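Participant: Here's a structure for you.
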Amino acid sequence: FDPRHYLGTHCYGFPKTGPHRLRFLLESLKDLRETLKKKGSTLVVRKGKPEDVVRDLITQLGSVSAVAFHEEVREI
């Protein structure tokens, strides 16, 4: 969870993630975690800036060979 997603937007000051979207996200993550557990895996969820959290997670794991990500499209 990137804390910046809960601040106001640069255009109108509305939060990027409101209470309904947050509830949907939490329910979706819970369902995904349960599905992964049934398949013998798990889901790692962290709070913080992705650029910090991913770096720390890679350091913690130690044997990461690849990282995939996408960048959010921002309107001008």
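Each value in this text was obtained by applying a stated rule to the coordinates, not by laboratory testing. Owing to the predicted nature of the structure, the values given are computational and were not obtained by experimental measurement. All Cβ positions, glycine included, derive from the backbone under ideal geometry; neighbour counts span all protein chains shown.
Participant: Farther than 15 Å from residue 1 by Cα and exposed (fewer than 11 other Cβ atoms within 10 Å of the Cβ) - does that describe any residue in the range 48-58?
Facilitator: No - not one qualifying residue is present in the range 48-58.
Participant: One residue is enough: does the range 13-25 have a residue meeting the conditions in a loop (DSSP other than H, G, I, E, B) and more than 19 Å from residue 1 (Cβ to Cβ)?
Facilitator: Within the range 13-25, one or more residues are in a loop (DSSP other than H, G, I, E, B) and more than 19 Å from residue 1 (Cβ to Cβ).
Participant: Right, something else. Take the residues in the range 26-44 that are loosely packed, with under 12 Cβ neighbours inside 10 Å and not hydroxyl-bearing (Ser, Thr, Tyr); name whichever of them is nearest to residue 1 (Cα to Cα).
Facilitator: The residue in question is 44.
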